[in-house]
1. How tilted is helix 16-26 with respect to the longest principal axis of the chain? Cα atoms for both, answer in degrees (0 to 90, nearest 10).
2. Give the carbon-plus-sulfur fraction of the accessible surface of the chain in %, rounded to a whole number; probe 1.4 Å, heavy atoms of protein chains only.
3. Using a 7 Å offset from the Cα along the Cα-to-Cβ direction at both R118 and N28, what is the distance between the two label points in nm, to one decimal?
4. Leaving out ligands and nucleic acids, note down the accessible area per residue over the chain with a 1.4 angstrom probe, in whole Å².
5. Distance from the Cα centre of segment 114-172 to that of segment 21-66, in angstrom?
6. Answer rounded, prolate or oblate for segment 115-160, using the Cα gyration tensor with square roots of eigenvalues a ≥ b ≥ c: rounded when a/c is under 1.5, else prolate when a/b is larger than b/c, else oblate.
7. Relative to the longest principal Cα axis of the chain, at what angle does helix 160-171 sit, 0 to 90 degrees, rounded to 10?
8. With every protein chain left in place, what is the accessible area of D161 in Å² (1.4 Å probe, nearest 10)?
Amino acid sequence: FWASNPHYNPKDTVSAATLLLRGEQRINQIKNQPEVQAQLLTVIGKARSELGNYEKADSLLQRSLQLSKQQFGANSIEYAQGLREYAVLNRKMGNFPAAESLHRESLTTLRAQDKADRQILAGTMNELALVLRKKGDYHAADSRFSQVMHIYKTNPSSKPDDVAQTANNWAG
């Protein structure tokens, strides 16, 4: 799906919309694999969001969240990641209170994990900082971006892209 996204692969002859539609039509064929189904719903939902089809993305990401909660539980990393993706969509739609609430719930869930992945935690904090910035809470956003940058700079598995993206977000 990402390969067909015109932002990533503008010369592809198969349209993103065609691939997404095919995926959506076949999603029910894997009901016996709910974990895979939840992941696929997330991928399609994120792609729909990238293409600006927020209404369709909303329903797909909600379905993915429900499946993740059923399969992995409300205290799982998978569910926390689903909350994050749904929060990102809400930010894009301008629903900042919902986005903030979803990010905070995701962070609470991630922090409760014994071995929370610092990259996932930092990415979610970065997204929360973007919401806070959009809401005009610059002090809180600045504090979050600082925390994210510290995590990325002290974590050997951080990618230079993560640092650059955070710096760009923070500069905004």
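The values are calculated or read from the model by the stated rules, or taken from the named source; none is laboratory data. Note that the structure is a prediction, hence the values are computed from the model and not measured. A quick note on method: Cβ atoms are made from the backbone with ideal geometry, for glycine too, and the neighbour counts reach across all protein chains shown. Surface accessibility is based on the protein's heavy atoms, side chains included, excluding ligands, DNA and RNA. Shrake-Rupley method; radii C 1.70, N 1.55, O 1.52, S 1.80 Å.
1. With rounding to tens, the tilt is 70 degrees.
2. On the way: 4560 of 9530 Å².
That fraction is 48 percent.
3. The two pseudo-label positions are separated by 4.6 nm.
4. Details: 9530 Å² over 172 residues.
Value for the chain: 55 Å² per residue.
5. 27
6. Working: a/c = 2.76, a/b = 2.07, b/c = 1.34.
Taking the square roots of the gyration eigenvalues as a ≥ b ≥ c, segment 115-160 is prolate.
7. Roughly 70 degrees between the two axes.
8. Here the residue's solvent-accessible area equals roughly 120 Å².
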